[in-house]
Each structure stands twice: as structure tokens, then as C-alpha cells.
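Here is the structure we will look at, set down as C-alpha cells.
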Amino acid sequence: MKSFRDRNRDNRPRQPARSGTEQSRPRDGGHPVKPAPKPDERNEIRAQDRSEPKPTPRILARRDGVLPAERLPLILEVAPNTDYALLDSGAGQKLEQYGPYRIVRPEGQAIWQKALPAKDWDRADAIFTGDTDEEGIGRWRFPRTPLGETWPMKHDGIDYLGRFTSFRHVGVFPEQASHWDHMAGLIAAAKRPVKVLNLFGYTGLASLVAARAGAEVTHVDASKKAIGWARENQEMAGLGNKPIRWIVDDAVKFAEREERRGSRYDIVLFDPPAYGRGPKGEVWQLFEDLPGLTDLCRAILTPRPLAVVLTAYSIRASFFAIHALMRDTFAGMGGTVESGELIIREKSAGRALSTSLFSRWVA
């Protein structure tokens, strides 16, 4: 599962902030990056007319009506499998297995100690070095055999390319698999045509899962390079005949146009960064702009919508981090570790304001 991730996932270089920053040149022995397929009107659309007038700022107001029911906390867990496994973590790092390769990357939340012996970490095929901040540029070190920029991977039978980028990411976020499986189930159970909008779509695994399940997919990302990678993954997965529109555009502007055009979707996925810039310099600030985008996502739903899925990596802490630290520290003493959040219950509408995280050991 996404820790709060990698976690700012922060300010990972995603729509809209990745263009021109990630590595595109294959290293010796790797799979060369194929040029993206030639754009056509059917399934790749560049950002719309840049001369369009600036839209009027969205006016937000609290909606009337009963609040949705609650189910919390819901913990979505991805277990180790043959495609991916988190092997160990600690001391600010994580050791992962991506297909045939062991990879070491920074993980700020791993404030506990490593469980595996050093010899297991020393078997890593790739280690990210350099700036450990989410937006920091670094490089990969290959202590065993020089590896290429990309390597073949699978998710639930879907082939795609893992990719060593200069921002320590590898082209996929495996903890999202729980969302992908849930979405595929909704599409199959609907027994009718389903339209999916994937905003900030990155390299396209969610879009491929939705398309394989039978949906018509619109995938939006501000990075032309990321769209090229996504289309490459589509071909590698053998899903080239599936209806996916690949759109290079600012997510907010695209959603605004869809609202004006009357385009509607049954499922909307959006995974915005904490901060970024769109293809024309549009500035995105999560806490300022997320309410408006969330409202937009509601506005472009069909009359019979299936789901809206928001993933946010902007909060850098999770109670799971201090929980694991406390359990490690009090090992052998028995008792109980209780972890969670301290909240203030709002009087006006009964909503919860989270003020802090906590973890306590109780004998």
C-alpha cells in the first residue's frame, strides 16, 4: 500500500511536473526506449487550443444533504507476489523485488531498523543514490551488473516496462493494485458500457487494467514523455486494440472542458501531486486546488456513476510509521501498542479534524 508515500508521492514528478526531467536514454544492456507511436486523432490528443480564454474561478459552496456513510479505517494491503514484494525496510531505506531485480530506494518513513541481515541488502541489483527528497534528482548505481533503463515486468498478467528514472521512481506504484482490482470488479459487475477517466495517469497501469476489464478509457497527463511510456506499455501488454484515449493536457483544464462539453464518466481516478506545473506553466498547489478539482470530478459523473478514487501522497506521515517503531522498541515486553490519530469533532456538521498522530504502548 502507499505509505503516505515515497511519500510525498508526493512531490514526485508527476502531472503536471515531470516534463523533461526524467531519463530517456537507455543504458548499456537495457531495452531502448522506443519512440512513442505517431499521434493520431483517434487515441492521442495534444492539449487543446492554448488561446482559449481563462475560465472563471470555480465557486465552491458546501452542499446540502446527508453525508455519505463512513467505513474507517480501511486498510488496503498488497501482499508479496511473484511480480512485486517489499522485502525489508528500515534506516530510511526499503528493499523491494521488482520481477527479477532487487532494488534499494530511500524511504523516509522507515525509521525503524532493518530486519534482514546486511548480506540480503548487499544482493541488490540497483540502488538509488543522490538527493533523497521526493523531488531530488539522483542516479542509479548497479553494484552487480550494469542494467538498462527499462526491464520487463508484469501485473496480474499485464506486461509493462519497469523504468529507472532520475527521481527514484520505477514507472509503477504497486500499492495501487488494490484500487485497480476494485475498479476492474466494478467494471465487470456493471454489465454495461463503462467510461473511465484517469487524471494524472502517469505510465498507465490503471488505464490498462480498466481497458482490459472492458471500459472505454480516457488517460490524461501533462507529460508527453509519460504518455509515450504509457502507450509503449499498452503495446507491450497486447492491448493496442483497446479503446484508450491518450491525452497530453493539464488535468484541471481538461476536466473543466469536459464539464462544459457535457462529457461524463462512470469512474474517475485522480492522483494529484502536492505541487506541479502544467504544460503551459499552470501552477498546481494541492491544498489550494484539490477542492475545486474534486468538485469537478463530481460534476463530470454520469447519472449512474460507479466510483471516484482520490489518492493523495502529500501528507508525509502515517501512524503506521510510528506504530512500527513502537512495536520494534517494546519487543519482548508484552502489552499492546495502540496507534492512530487525535481528532477534534466538528460541532457544525460532525466532521473530524485531525490534529496529530499517536502511538502508545499499554502494558
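The values are calculated or read from the model by the stated rules, or taken from the named source; none is laboratory data. Source: prediction; values computed, not measured. Don't worry about glycine lacking a Cβ; one is built from the backbone with ideal geometry, like all the others, and counts go over all protein chains shown.
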Just one of the numbered conditions (1) modelled with pLDDT of 95 or more; (2) assigned to a strand (DSSP E or B) is not true of Ala206; which one?
-> (2)
How many of the residues in region 246-285 are under 19 Å from the mean Cα position of the chain (by Cα), outside any loop (DSSP other than H, G, I, E, B), over 27 Å from Ala213 (Cα atoms) and of a type in the set (A, V, I, L, M, F, W, C)?
-> 1
Quick one: count up the residues across region 188-203 that are over 12 Å from the mean Cα position of the chain (by Cα) and either at positive phi or not in a strand (DSSP E or B) (or both).
-> 7
Subset of region 81-99 [out of contact with any strand residue (DSSP E or B) (no Cβ under 7 Å at 6 or more places or on another chain) and not in a strand (DSSP E or B)] = Asn81, Thr82, Ala91
Considering only region 286-363, give the strands (runs of 3 or more DSSP E) lying wholly within it that have at least 3 residues that are more than 23 Å from the chain's Cα centre (by Cα), of a type outside the set (Val, Ile, Thr) and over 26 Å from Arg260 (Cβ atoms).
-> 336-345, 352-362
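Given the options Gly90, Gly99, name the one that is buried (at least 17 other Cβ atoms within 10 Å of the Cβ), at positive phi and not assigned by TED's automatic domain parsing to the domain that holds Lys253. Quick ask: steps written out before the conclusion?
Values: Gly99 fails: buried (at least 17 other Cβ atoms within 10 Å of the Cβ).
Checking each option against the conditions leaves just Gly90.
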Going through region 100-126 one residue at a time, which ones are part of a loop (DSSP other than H, G, I, E, B) and modelled with pLDDT under 95?
-> Pro100, Glu107, Gly108, Gln109, Ala110, Ile111, Trp112, Gln113, Lys114, Ala115, Leu116, Pro117
Taking region 330-347, which residues are under 21 Å from Ser89 (Cα atoms), at pLDDT 85 or above and not small (Gly, Ala, Ser)?
-> Val337
With (1) crowded, with 16+ Cβ neighbours inside 10 Å; (2) out of contact with any Leu (no Cβ under 6 Å at 6 or more places or on another chain) as the list, and Phe319 as the residue in question, which single condition is left unmet?
-> (2)
